[in-house]
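One structure below.
The values are calculated or read from the model by the stated rules, or taken from the named source; none is laboratory data. These numbers come from a predicted model, not from an experiment. Please note: Cβ atoms are built from the backbone with ideal geometry, for glycine as well, and neighbour counts cover all protein chains shown.
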Amino acid sequence: MVKTYSFPGDSDLKLSEHFAVGEFVTSSDYGGDYPSEVPIDDHLVDILEQVYAHFDCDCAVISSGYRTYAVDIDVGGSGYGMHTRGMAADVCFRRNGAELPSRLIACYLQDIGVKGIGYRCGGAENWTHIDTRTESEWFGDETDYSCGYNDYYAYTGTTKTEVYPDGDTGGTSKLPDVAAVQEWLNDNYFAGLVVDGIYGAATKSALIHALQIELNINGANLDVDGIFGEKTKAEILCLWQGDTGKLVYILQGLLIAHSFTAGGFDGIFGAGTKAAVIAFQYKYGLEADGVAGKETFTALCG
Ligand SMILES: [Zn+2]
């Protein structure tokens, strides 16, 4: 949701752990003035934090966030783009003093479902345009404004291992591991799954079985049939940061099945799991509040 802040009054107001209002305000080198009101989409801030956490950054610099019509025109825009709605930022992420390449950021953004991605923003290798458009996808290479491709891994020659490095200690960067989920379902629910790391119909059904069993333990009276219908939806318990236990394992398993890292598979709803829930909700057009409730489980089990 886009919220409006005042400038400079709210300049130091923190929107999240690493980003404050003032960082999203853009003037123009060509004389455009600073605005007195600054719209900022809170989804944009969520995305920036997720990138920041995933790559274990220690700094992120926004060169251009919200632009007024006049400033957008001054910097060569149309005056009506995503920057003029507070829904875009041009960002450079850094770790240990080094700028991270835009290709890694673009691949990761693609994986978490961001639809507006400008690779090599302004022609710079380490800058990325990120916006929160929700309808059709725009992936572009800003060195020549070419677009029309849909996979930054292929376009930039980037490997999954570069984006999800082995031995990463960040805790949220491990590759999703469906095999671990299958083993857990076998150990805890006698699911009898072949541990092949592939999310197919049997694994999906086993996760829904487990969900129904755990909801029944928590007071529901569901048929344990592995089918997510209206009755199961009605009995869903909301999960949020701080929750632990088997329902959280099931949530993480469902997120991993959908290729979200889930912050691990440990039954603990921490910051990584919350970030994955937000990314999933964002990708599926749900309210991105980081709380896994009826609509989120419906989408995860659909
Ligand atoms: Zn931009």
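Values as computed for the structure displayed
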item: Failed item in (1) within 27 Å of the chain's Cα centre (by Cα); (2) among the aromatic types (Phe, Trp, Tyr); (3) at pLDDT below 95, with residue 5 passing the rest; result: (3)
item: Cβ pairs under 8 Å, 6+ apart, first in segment 103-119 and within 13 Å of the ligand (Cβ to nearest atom), second outside any strand (DSSP E or B) and small (Gly, Ala, Ser); result: 117/106; 119/102; 119/106
item: Entirely in segment 183-268, the helices (runs of 4 or more DSSP H) that have 1 or more residues that are over 30 Å from residue 53 (Cβ atoms); result: 201-217, 230-235
item: Qualifying residues in segment 135-160 (those that are outside any loop (DSSP other than H, G, I, E, B) and either small (Gly, Ala, Ser) or closer than 22 Å to residue 44 by Cβ (or both)) - the one farthest from the chain's Cα centre (by Cα); result: 146
item: Selected residue (only one of 27, 16 is farther than 18 Å from residue 271 by Cα, assigned by TED's automatic domain parsing to the domain that holds residue 130 and not basic (Lys, Arg)); result: 27
item: Qualifying residues in segment 45-97 (those that are among the small types (Gly, Ala, Ser) and closer than 19 Å to residue 282 by Cβ) - the one nearest to the ligand (Cβ to nearest atom); result: 88
item: Among the candidates 293, 200, 253, 267, residue that is in contact (Cβ under 8 Å) with a residue 60 or more places away in the chain and either crowded, with 16+ Cβ neighbours inside 10 Å or at negative phi (or both); result: 253
item: Residue count, segment 120-168 (criterion: within 16 Å of the ligand (Cβ to nearest atom), among the aliphatic types (A, V, I, L, M) and without any contact (Cβ under 8 Å) to a residue 40 or more places away in the chain); result: 1
